[in-house]
1. Consider ILE24 carefully, then state whether it is closer than 30 Å to THR104 by Cα and either surrounded by fewer than 19 Cβ atoms within 10 Å (Cβ to Cβ) or not charged (D, E, K, R) (or both).
2. Scan segment 169-184 for residues that are in a helix (DSSP H, G or I) and more than 26 Å from VAL29 (Cβ to Cβ) and jot them down.
3. Which residues, counting only those in segment 185-213, are outside any helix (DSSP H, G or I) and of a type in the set (Gly, Ala, Ser)?
4. When the residues of segment 57-76 are filtered to those that are more than 16 Å from THR113 (Cα to Cα) and among the polar types (S, T, N, Q), which remaining residue is modelled with the highest pLDDT?
5. Of all residues being touching a residue at least 24 places away in the same chain (Cβ under 8 Å) and not charged (D, E, K, R) in segment 193-212, which is surrounded by the most Cβ atoms within 10 Å (Cβ to Cβ)? Just the residue, please.
6. Within the group ARG137, ARG109, ARG166, which residue is in a loop (DSSP other than H, G, I, E, B), at pLDDT below 95 and either surrounded by fewer than 19 Cβ atoms within 10 Å (Cβ to Cβ) or on the phi > 0 side of the Ramachandran plot (or both)?
7. Given (1) modelled with pLDDT of 95 or more; (2) in contact with a helix residue (DSSP H, G or I) (Cβ under 7 Å, 6 or more places away or on another chain); (3) more than 18 Å from GLN152 (Cβ to Cβ), identify the lone condition not met by VAL220.
8. Every residue in segment 181-221 that is within 18 Å of the chain's Cα centre (by Cα) and polar (S, T, N, Q), please.
Amino acid sequence: MTESLFQYTGDLAEEPLPEILRTIHHHRVPGVVTATSGDVVKKIYLMGGNVIFATSSDLHDSLGAYLKKSATITSGELRISASRIDASHGKRHGELLVEMGVLTPDQLRQIVTEQVKAILYSIFSWEKGTVTFEVGRFRTDELIQLDVSTPQVIAEGIRQLPDPRRVALRLGPSWTVFERGEVEAGASGVSWSEGDLKLLSIVDGRRTLRDLITAGPGDVSTNARLVYAFWVLHLVTRRDVLTSGIRKIQWKTRSGNTPAAGGGTAG
């Protein structure tokens with residue numbers, strides 16, 4: 001990776017990943033998000049406002065583990081392919097599986113895409129850990145890339161949260177009133193479903209959080225996740241919040257200087 005110009009650090013115990021990603025996306029700069037929890041390090045690569053790849057140091061997230069868990073190939077095929085990695089002169093596990101005729105190139109692309117998404121969305125459930133965003137262009141030799149808008153990733157990651165209670169608390173008490181925000185659904189970078197838009201349409205500056213999560217098209221947990229996604233992406237705002245909701249952050253340069261908070265482009 002080339003030398004980064006600025007660096008941002010967040011704490012997942014204080015701010016969930018969706019909100020951190022939204023803040024980073026606001027600045028529209030390329031870079032790498034590194035999430036660390038215990039001994040596990042996962043990275044999200046961003047370019048042009050899109051997520052293009054994700055990696056993990058956890059062996060349970062490896063391609064071999066993913067294939068085994070999904071029962072895509074047999075245990076024998078997995079054992080043989082894994083044994084050939086060391087003698088393959090740097091070839092990827094997926095390449096070897098294609099050479100063996102176990103997978104077609106199209107199958108490999110689909111599987112790697114699903115594997116990368118699984119890594120990416122697994123970070124959304126982390127409640128503890130640190131997140132560092134290093135700004136700067138990076139080199140990657142990954143042939144299979146996602147190229148999904150960051151807002152779409154945020155929305156999908158929130159949908160897959162196993163327990164919505166923590167993010168529901170971020171919305172405020174049940175009597176909190178919501179109104180429409182500064183971002184229109186069509187300009188949000190997310191493909192919303194008809195049901196999603198139905199819930200958004202009843203946000204009118206009078207209904208409370210309790211009203212919204214009980215009147216929406218899904219169950220209470222689904223609706224709570226959806227309202228949180230709307231809030232993170234600025235489609236809705238709390239009526240008692242007067243600011244735009246863009247959290248001003250400070251970018252620390254490697255020399256230790258700190259530019260003005262929330263200022264301009266960072267790269």
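The values are calculated or read from the model by the stated rules, or taken from the named source; none is laboratory data. Please read these numbers as outputs of a predicted model, since none were measured by experiment. Here Cβ is always computed from backbone atoms with ideal geometry, including for glycine, and neighbour counts include all displayed protein chains.
1. no
2. LEU169
3. Hits for segment 185-213 are SER188, GLY189, SER191, SER193, GLY205.
4. So, considering only residues that are more than 16 Å from THR113 (Cα to Cα) and among the polar types (S, T, N, Q), the one modelled with the highest pLDDT is SER57.
5. Restricting attention to segment 193-212, the residues satisfying the condition of being touching a residue at least 24 places away in the same chain (Cβ under 8 Å) are 196, 199-200, 203-210, 212.
Now restrict to residues that are not charged (D, E, K, R): 199-200, 203, 205, 208-209, 212.
Values: LEU199: 22, LEU200: 21, VAL203: 20, GLY205: 11, THR208: 16, LEU209: 22, LEU212: 25.
Across segment 193-212, the extreme among qualifying residues is LEU212.
6. Numbers: ARG109 fails: in a loop (DSSP other than H, G, I, E, B); ARG166 fails: in a loop (DSSP other than H, G, I, E, B).
When all the criteria are applied, what remains is ARG137.
7. Every listed condition holds for VAL220 apart from (1).
8. Within segment 181-221, SER188, SER191 meet the criteria.
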